[in-house]
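Novice: Starting off with a structure, shown below.
Computed from the coordinates by the stated procedures, all read-outs in this text should not be read as laboratory data. What you are looking at is a predicted structure, and each value in this text was computed from that prediction instead of being measured. No Cβ is skipped: glycine too gets one built from the backbone with ideal geometry, and neighbour counts run over all protein chains shown.
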Amino acid sequence: MKKLVSAILLVMAALTFLWGAPAIAGDAASGASVFSANCAACHSGGLNVVNPQKTLQKGDLETYGMNSPEAIITQVKNGKSAMPAFTGRLTDKQIEDVAAYVLSQADKGW
């Protein structure tokens, strides 16, 4: 019985891994050029010229729940407050790349 339960759990884990939602894996190098062309006017060096308290620094990203690719992608796609939405201006791939770049730079301290 224990072997059967173990086998079922193993199969369930494998299926979850194989058919689960794909991880978001943007290309930070490509994201750098997209960021430079579309985001740097307001966020140069990881700062925020519109709202200086909400930077792209690691601590602020964590404080405001923006420290995941999904959160950044949602913000870039939909905009918020003074930040415009980039859906239609950037492709999904470009937005994923920007998210990867932002998180990479935040980890490095910009």
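Novice: With the Cα gyration tensor of region 25-108 giving a ≥ b ≥ c as the square roots of its eigenvalues, does the rule (a/c under 1.5 for rounded; else a/b larger than b/c for prolate; else oblate) give rounded, prolate or oblate?
Specialist: rounded
Novice: Taking +1 at the Cβ of each Lys and Arg and -1 at the Cβ of each Asp and Glu, which of Ser81, Pro69, Gly59 sits farthest along the dipole of region 25-108 towards its positive end, judged by Cα position relative to the Cα centre?
Specialist: Ser81
Novice: Pull up the cross-link candidates among the aspartates and glutamates for Lys58, meaning alpha carbon to alpha carbon under 12 Å and not fewer than 8 places away within one chain.
Specialist: Leaving aside aspartates and glutamates fewer than 8 places away in the same chain, those within reach of Lys58 are Asp107.
Novice: Report the label-to-label distance for Ala85 and Thr63 in nanometres (one decimal), using points 7 Å from each Cα along the Cα→Cβ vector.
Specialist: The two pseudo-label positions are separated by 2.8 nm.
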